[in-house]
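Single-structure report; data block below.
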Amino acid sequence: MEVRTLLVAGGSGGHLIPAMTLAESLRGEGPCWLMSTARPVDREIASAFDKLRPRNDGGLEWVTVDLRPWKPLRRWLSPFFLAHQLGALRRVWTLLRRIQPDLVIGFGGYLSAVGLTLARLQRVPTVIHEQNLMPGRANRWLAPLADAVAVSFPETTWFLSRRAVVEFTGNPVRPRLKGVSSSEGRSHFRFDPDRPVLLVMGGSQGSQAVNQVVLKMWEKVGAEDRQRLQVIHLTGAQQFDQVVETYRRLSMEARVFPFLHQMEFALAAATLALSRAGATAIAEMMALGLPAILIPYPHAGGHQRFNAHWVDFAGGAAVLEERELTPEKLWAEVSALLWDSKRLAQMKEALGRRADGSAAERLRILVYRIAGHTPGRVEEPQPAPVRG
């Protein structure tokens, strides 16, 4: 029996990518709609998804709603902003009426909160998928109202109301990530197969802070050390030109992109990642056993710090706090790891022990059960042990 599903996400790749992965696992099971915002990052990811999915795939319809962020609150003083937001809310309400989904799944972000709330008002079953260890404020508030909350870390239960129905599913990872070998990844970027590769990424929108400290690091590193490695650097749109010029001036072997559609090649090619600590990025690094130096984003409730330290305690990453970060400190950590094959192997093994490739299937089963089409409960793995 088919299930009509509406997936709501947007504002970052960390929310959209798990939604897209679930949409792919639901292909052929019934009509599926994915609703996102009109922000540039959402449009970029939607464009990439359309290029990669099979031709004549009529099972998924991507819907855009131009709902704006609620903050800063002074926006509400403008009647034009108020009218715009009310129009966006009306569009979500009308869409729910039109498609009559069996289930709405929210993956985080302000549009997700709106979609879940309006779905509840229309008595449509709802599921929240929380990617981060520490749930966001909206998801903590909505959790008791949802039919189920699917979490990516077992410890997330500690932060949710006892009235919430919580099930551990994990964070879905795109299947194609595992289809590329290290040698294929390096060949894709025309890299030397014998030199290590550092992958620098600041999230789907890039990170000015990460970009700047990395560029300052390269300025201080000697030319001989710079030539010993190769770099893939994902900059975001705003600082792309500056980063490209720095690598050119320093004559480094680097591939620089504002945004990369085919992340499987970059992740496969990398020896070590230098990254923000978004939950989806961490899930992908865990799936591939890619050791990392994590620089958690210090704002947005500090949820990335919880993600980062979980992986650190598990043995798969080192964590550097942004407020304490200097180019010298960063290079000390990068150089200590990049050529230490024994430690990298230990980190890779630690990640492998906690990687789980069945998250999408668990989430798909949960979707069917809450929609009323399949009995049973998601099989819950035991929580991963955490040192500390």
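Positive contributions from Lys and Arg (+1) and negative ones from Asp and Glu (-1), summed over other residues with Cβ under 14 Å from the Cβ of Tyr110, come out at +3.
Entry note: segment 156-196 has Rg to Rh equal to 1.38, where both radii use alpha-carbon atoms and Rh is the Kirkwood radius. Based on C-alpha pairs under 8 angstrom that are at least 6 apart in sequence, segment 183-276 has a relative contact order of 44 percent. In sequence order, segment 178-183 has phi-based couplings of 8, x, 10, 7, 4, 5 Hz under the Karplus curve 6.51 cos²θ - 1.76 cosθ + 1.60, θ = phi - 60°, and Gly or Pro positions carry x. Its Cα gyration tensor gives segment 108-186 an equivalent ellipsoid. The semi-axes, each the square root of 5 times an eigenvalue, are 30, 15, 11 Å from largest down. In the chain, the DSSP-assigned H stretches of four residues or longer account for a calculated mean residue ellipticity at 222 nm of -13000 deg cm²/dmol, using -39500 (n - 2.57) per stretch and the full residue count as denominator. Straightening the chain between His188 and Arg323 buys 45.0 nm, computed as 0.36 nm per residue apart minus the Cα-Cα spacing. Given R0 = 45 Å, the distance between the Cβ atoms of Ala345 and Met1 translates into a calculated FRET efficiency of 0.40. Ranked by the mean number of other Cβ atoms within 10 Å of their residues, highest first, the peptides 164-177, 15-28, 237-250 come out as 15-28, 164-177, 237-250. Under a 5 Å amide H cut-off, with hydrogens placed 1.01 Å from N, Leu272 pairs with Val197, Leu199 among residues at least 5 apart or on other chains. Straight Cα distances below 17 angstrom link Lys216 to the aspartates and glutamates Glu224, Asp225, Asp241, Glu245, Glu253, Glu321, Glu322, Glu324, Glu328, Glu333, with same-chain residues fewer than 8 positions distant left out. Among 40-46, 292-298, 121-127, sorting by the average number of other beta carbon atoms lying within 10 angstrom of each residue, highest first, gives 292-298, 40-46, 121-127. Could you give the DSSP H helices of the chain that reach 24 angstrom or more along their long axis (alpha carbon positions) and whose average Kyte-Doolittle hydropathy is no lower than 0.0? Qualifying helices, which must be both long enough and hydrophobic enough, are 79-99. Annotation: lysines with alpha-carbon distance below 18 angstrom to Lys178 (same-chain offsets under eight excluded): Lys348. Contact order, relative form, for the chain: 16 percent (alpha carbon pairs under 8 Å, 6 or more residues apart, mean separation divided by residue count). The H on the amide N of Ala38, modeled in the peptide plane, is under 5 Å from the matching H of Val65, Leu67, each at least 5 residues off or on a different chain. Packing order of peptides 276-288, 355-367, 84-96, highest average first: 276-288, 355-367, 84-96 (average count of other Cβ atoms within 10 Å over each peptide's residues).
Each Cα pair under 8 Å and six or more residues apart adds its separation to the average, and for segment 80-134 the resulting relative contact order is 34 percent.
Stretching the chain fully between Arg91 and Glu333 yields a gain of 82.2 nm (0.36 nm per residue, less the alpha carbon separation). Computed over the chain with a Gaussian network model linking Cα atoms closer than 10 Å, the most mobile of Ser112, Ser182, Ser275 is Ser182.
Estimated from the Cβ-Cβ distance and a Förster radius of 51 angstrom, the FRET efficiency linking Ser181 and Arg68 is about 0.75.
Values in this text are rule-based calculations from the coordinates and carry no lab data. Given the structure is predicted, the values throughout are model-derived calculations rather than measurements. Don't worry about glycine lacking a Cβ; one is built from the backbone with ideal geometry, like all the others, and counts go over all protein chains shown.
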